[in-house]
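Following: one structure in C-alpha cells, then a few remarks.
The values are calculated or read from the model by the stated rules, or taken from the named source; none is laboratory data. Note that this is a predicted model, so its numbers are computed, not measured. Don't worry about glycine lacking a Cβ; one is built from the backbone with ideal geometry, like all the others, and counts go over all protein chains shown.
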Amino acid sequence: MIQVYTGDGKGKTTAALGLALRAAGHSIKTLIIQFMKSEDCGYGEHSSLKYLYPYIELYAFGRTCFVSKDAPAKEDKKFAKRAFDFFKKSLKEKEHSIYILDEVCVALDYELIDKKELLQILKGVDKEEVEIVLTGRYAPHELIEIADIVTEFKEVKHCFSDQGIMGRKGIDW
C-alpha cells in the first residue's frame, strides 16, 4: 500500500521509523531514503539503525544545512535527484518490501523532484508486493488522493515555538 505521513506536527519520521522497526521484527526488509537530510547532521537513527542491518537500510541525501524553498541550491537539486534515482533503481531490483521516502513531500513542494514522475511510479506499484511510506509537510493533494493511508500530524502545542526550546539530542534528532 501507499502511506502518507504529513502535516505540521512532530512525529512523521519517527512514525515511519517505528513501522520499519516493527517490520524488522518480522524479518521484513525496509529501505529508508532521506531527502534533504545529511548523515553528518547527527540524527540518532543514522547510528542506531546500523544495528538492524540487513532488515533496515538508511541512506541520506542532502547537505548539512536547511534548504531554501525560494532559492534551493543546485547541490540540493542534485542530492534530491540522486535520492529519487536511488529509489527508482532499488524499486526495480525488488530487494526490499518497504520503502520509506522521508521528507519527500517537502522535496516535492520545493520542486526538487518531478511530482508527475513520482505519481506515475506510485500508480504502477504492485501494492501486494511493496509498501511505500512518504513523509513530510506539504503533501500534494494528488499524492493524498492515490494513497491508501494518509495520516496528518497536527501541531497543537510544541516547545520549539511555544517556549523557544531547541531540539534535544536523542528526542528530536
Residues that are of a type in the set (D, E, K, R) and assigned to a loop (DSSP other than H, G, I, E, B), drawn from the range 122-173: D126, K127, E128, E129, R137, D148, K154, E155, K157, R168, K169, D172
Top-ranked residue in the range 40-74 [being more than 27 Å from H96 (Cβ to Cβ) and not aromatic (F, W, Y); ranked as surrounded by the most Cβ atoms within 10 Å (Cβ to Cβ)]: P72
Condition met for T135 (at pLDDT 95 or above, touching a Phe, Trp or Tyr at 6+ places or on another chain (Cβ under 7 Å) and crowded, with 20+ Cβ neighbours inside 10 Å): yes
Residue list for the range 77-124, filter: exposed (fewer than 14 other Cβ atoms within 10 Å of the Cβ) and among the small types (G, A, S): G124
Search result, residues across the range 91-115 that are of a type in the set (K, R) and either assigned to a loop (DSSP other than H, G, I, E, B) or more than 21 Å from M1 (Cβ to Cβ) (or both): K94
Residue match in the range 61-69 (condition: touching a residue at least 24 places away in the same chain (Cβ under 8 Å), charged (D, E, K, R) and at positive phi): no
Residue within the range 10-25 that is surrounded by fewer than 16 Cβ atoms within 10 Å (Cβ to Cβ), at pLDDT 95 or above and of a type in the set (K, R) present: yes
